[in-house]
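Novice: Here's a structure for you.
Values in this text are rule-based calculations from the coordinates and carry no lab data. As the structure is a computational prediction, the values presented were derived from the model and not from experiment. Glycine also receives a Cβ, built like all others from the backbone with ideal geometry; neighbour counts cover every protein chain displayed.
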Amino acid sequence: MDNTFYKKYLSQRNLSENTISSYIYDIESFKEYLHEEYGLRLNEAKKAHILTYLVNLQKKGKSSSTISRTISALKNFFDFLKNEKQIKDNPAISIHSPKQIKKKPSILTEEEINQLMLLPDKNTFKGIRDLAMLELMYSSGIKVSELINIKIHQTNLSAGIISIEGDKERIIPLNKYAKNAIESYLNNFRNIKTTEDNEFLFINILGEPISRQGIWKVLKSYEKKMNLKKELSPQILRNSFAVHLLSNGADLGTVQELMGLNSLAAAQNYIDNVEFKSLEVFKKAFPRR
């Protein structure tokens, strides 16, 4: 089913671009599940199909907030189909959102991160672009909305930094892996045929700025290659950055600043995941050792 008309419908409701993208992603994910598990189309979905899908999301470790958003997305979508007279009743109308349960942020282990970074093919445009995006997402904790809006002029490889523009500008330091991957991407692969929007750092194979959906598709492909039992997403890479920093001795203030978090309390959400390397930190940090 073409989502063009539904996207237009959502935009007329004054929803943010991020919300619209998330809704479309949720619908596409349910569409894929419905086809693979039952061989059905979206307008053939029943309440039971939606409930089994939600249980499946829970088993994958999805948070209650993500499941609530999925329910909201499906309710809105089936309301749209009902108004368009493509279905008689909304199968999601009586499904309630789960109680919001605070849970530990899902992360990748350091070993899984190393495995992930070995997957992209460094000899192709797509491979080195993917590696540059993956290394940057993991080593900076950058949000996907920030990632897709980086312009080339914001990148200073000689200084090893990227400036993030927004309400509050911040500087992201690049580790050697991210710097080398971005440098290789820019020098050897970035100069393919591009459209007018060629100031964007990360582009797709057509030369257009890569979209949130494009990022999700990239991560989904590597998730399947790794055979992960958890979802590979921009947020999980962001979580992994924070937890690995804290585990290796960084303080909450540093994590807050690097990630552009609004408060120290937001950084504290990652504490429960941390495996403090107490002895190593002590040996490095204590002045009289």
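Novice: Roughly what would the spin-label model give for Asn248 and Lys59, points 7 Å off Cα along C-beta, in nm?
Specialist: The answer from the label model is 3.6 nm.
Novice: 5 Å is the cut-off here: which amide hydrogens, built 1.01 Å from N in the peptide plane, fall below it relative to Ile203, excluding neighbours closer than 5 in sequence?
Specialist: So Ile203 has HN proximity to Ile210.
Novice: So how tilted is helix 17-38 from the main axis of the chain? Cα-based, degrees 0 to 90, rounded to 10.
Specialist: 60 degrees
Novice: How would Glu36, Glu28 line up from fewest to most surrounding beta-carbon atoms within 10 angstrom?
Specialist: Sorted ascending by nearby Cβ count, the order is Glu36, Glu28.
Novice: Once you place label points 7 Å from the Cα toward the Cβ at Tyr38 and Asn262, how far apart are they in nm?
Specialist: Rounded to a tenth, the inter-label distance reads 3.8 nm.
Novice: Using per-residue counts of other Cβ atoms within 10 Å, averaged over each peptide, order 215-228, 235-248 from highest down.
Specialist: Going by the mean number of other Cβ atoms within 10 Å, highest first, we get 235-248, 215-228.
Novice: Cut-off is 10 Å between beta-carbons; in what order do Ile182, Ile93 appear when sorted fewest neighbours first?
Specialist: Ranked by crowding around the Cβ, least crowded first: Ile93, Ile182.
Novice: How far, in nm, would the chain grow between Lys88 and Leu228 when pulled straight, counting 0.36 nm per residue and subtracting the alpha carbon separation?
Specialist: 46.6 nm
Novice: With everything on Cα atoms, drop me the angle between helix 234-247 and the longest principal axis of the chain, reported from 0 to 90° to the nearest 10.
Specialist: Relative to the chain, helix 234-247 is tipped by roughly 30 degrees.
Novice: Shifting gears a bit: Please give, to one decimal in nm, the separation of the simple spin-label points placed at Glu17 and Lys220, each 7 Å out from Cα toward the Cβ.
Specialist: Label-label distance for Glu17 and Lys220, simple model: 2.1 nm.
Novice: Would you mind pulling out the separation of the Cα centroids of region 32-59 and region 121-180, in Å?
Specialist: Region 32-59 and region 121-180 have Cα centres spaced 36 Å from each other.
Novice: Rounded to the nearest 20 Debye, what is the dipole magnitude of the chain about its Cα centre when Lys and Arg each give +1 and Asp and Glu each give -1 at the C-beta?
Specialist: 720 debye
Novice: With θ set to phi - 60° and the Karplus curve 6.51 cos²θ - 1.76 cosθ + 1.60, what are the ³J(HN,Hα) couplings of region 46-57 in order, to the nearest whole Hz, using x for Gly and Pro?
Specialist: 3J(HN,Hα) across region 46-57, in whole Hz: 10, 4, 4, 5, 5, 5, 5, 5, 5, 4, 4, 5.
Novice: Working from Cα positions, state the angle (0 to 90°, nearest 10) between the long axis of helix 212-226 and the longest principal axis of the chain.
Specialist: So the helix axis and the longest Cα principal axis differ by about 80 degrees.
Novice: Whole-Hz ³J(HN,Hα) for each residue in region 260-268, computed from phi via Karplus 6.51 cos²θ - 1.76 cosθ + 1.60 with θ = phi - 60°, x for glycine and proline: what do you get?
Specialist: Along region 260-268, the couplings run x, 6, 6, 8, 5, 4, 5, 5, 5 Hz.
Novice: Can you run phi through the Karplus equation (6.51, -1.76, 1.60; θ = phi - 60°) for region 109-118 and list ³J(HN,Hα) in whole Hz, with x for Gly and Pro?
Specialist: Those phi angles translate into 6, 4, 5, 5, 4, 4, 5, 4, 6, 8 Hz.
Novice: Then there is this: If amide hydrogens are placed 1.01 Å from N in the peptide plane, which non-local residues have theirs closer than 5 Å to the one on Ile161?
Specialist: Asn156, Leu174
Novice: With point charges of +1 on the Cβ of Lys and Arg and -1 on the Cβ of Asp and Glu, referenced to the Cα centre of region 190-261, which listed residue (Ser240, Thr254, Leu228) lies farthest in the positive direction of the dipole?
Specialist: Value computed over the given set: Leu228.
Novice: Also, I was wondering about something else. Add -39500 (n - 2.57) for each DSSP H run of 4 or more in the chain, then divide by its residues: what number comes out at 222 nm, to the nearest 500 deg cm²/dmol?
Specialist: Result for the chain, helices only: -16000 deg cm²/dmol.
Novice: Mind listing the long-range amide H neighbours of Lys60? Cut-off is under 5 Å, sequence gap 5 or more, other chains count too, H placed in the peptide plane at 1.01 Å from N.
Specialist: Sorted by chain and number, the residues that satisfy this come to none at all.
Novice: Let me ask you something else. Among Lys151/Lys220; Lys8/Lys229; Lys8/Lys224; Lys8/Lys122; Lys31/Lys229; Lys31/Lys82, which pairs are too far apart, with a Cα-Cα distance over 27 Å?
Specialist: Flagged as over cut-off: Lys8/Lys229; Lys8/Lys224; Lys8/Lys122.
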